[in-house]
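All of the numbers you see were taken from the coordinates with simple rules; none came from a lab. Note that this is a predicted model, so its numbers are computed, not measured. All Cβ positions, even for glycine, are placed from backbone atoms using ideal geometry, and neighbour counts span all protein chains on display.
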Amino acid sequence: MSTTQQEQIPHLNIGNIAFICILTICAIITPYVIVNNINKVPNPQSQPSAIKTEIEQKENSNSEDNNVPIVINPDQTMRVTLTDALTASGINNVRVAVADGTVILTGNASRTDLPKIMHIVSTFNPKKIINKLILSSTNNSQEETFTQQPIDYSTKVETAVSNAIAACENGNWDDAYKYYTEAASYPTDRSNQIKQTAANKFYEKAKGFIDRNGECDDFARKLLRYANNLYSSSEIRNLLNRCGGGTTGSVTSNSGRFPQTSERILSSSDLSGLSKYDLKIMRNEIFARHGYIFTTSDMKQYFSNQSWYSPRYSNVTSMLTDIEQKNIAYIKRYE
């Protein structure tokens, strides 16, 4: 080879040789690294079940928290706010419970605080308030005193007596009897005195009429009945019996077999030993004294043979005294 040809061949130094070696090594290693890294990429389908469960729980948890609303109990809210309101007003011993809008109050409270408590509770517009509070008569250690004003019966008595006297002066004896009865009904120490005074007034009026006319009519009988109802003295009863229990007719001392039925309340001893027929006579004798017209044949026949009997009225119920009415019912039970 000639010298000229040798000069055309490039000269390879050590640096060039090193560079070429590096390129060769990289070309060999790079495919291996790429393939290895591809194999290391995680596959979701091949994840462990624990990791998948955790992911699902987080997803589900996030979705539930976003969709479920917060529930507020209105009863609980009312109980708390009402308790705070009472405490702020200085009421500390009242316990509050709320059920379906109904407020139940328990505990202790002062009577003077009760209106304030009810006002505070009502501002919450409950459906109903059930008050089970134990009320005391003290507030702030100061005892309340409750004084009931006495009723002035004396004024009522004086008014009734004045009305009765005025009625007597005007000849209105029915109203007089009503006012005297009212005056005697009040719980005073004058009750018996009023009854006796009124009874004597009616008695004297009836007796004067009988003495002048020599007979008993409806007016005299009514006055004697009023007198006997107010204060049944022996004097009044005797005159009433002489009048045949108040029937119109001549004054007579004969008032039947059983005059006690119009004089006093009967007892079992008064009825002991009497037959059923005797009991019937005893009971109807009360009606006969007032002039009742009997319709049954046996009673009509019996009383028509009594000299003191004077039939005049078909109904004498309003003429019966309280004593007579009670005795009629008593005898009827034995019959």
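Overview of values
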quantity	calculated
At R0 = 41 Å, FRET efficiency that the Cβ-Cβ distance of LYS178 and ARG111 yields, to 0.05	0.45
Radius 14 Å from Cβ of GLN196, net charge of other residues (Lys, Arg +1; Asp, Glu -1)	0
Simple label model, 7 Å out from Cα along Cβ direction - LYS156 to PHE209, nm	3.1
Cα-projected label distance for GLU335 with SER314, points at 7 Å along beta-carbon direction, nm	2.1
Restraint check, LYS178/LYS207; LYS205/LYS300; LYS201/LYS280; LYS178/LYS276; LYS156/LYS332, Cα-Cα greater than 29 Å	LYS205/LYS300; LYS201/LYS280; LYS178/LYS276; LYS156/LYS332
Extension gain, GLN193 back to LYS300 (0.36 nm per residue minus Cα-Cα distance, nm)	34.2 nm
Simple label model, 7 Å out from Cα along Cβ direction - GLN76 to SER185, nm	6.2
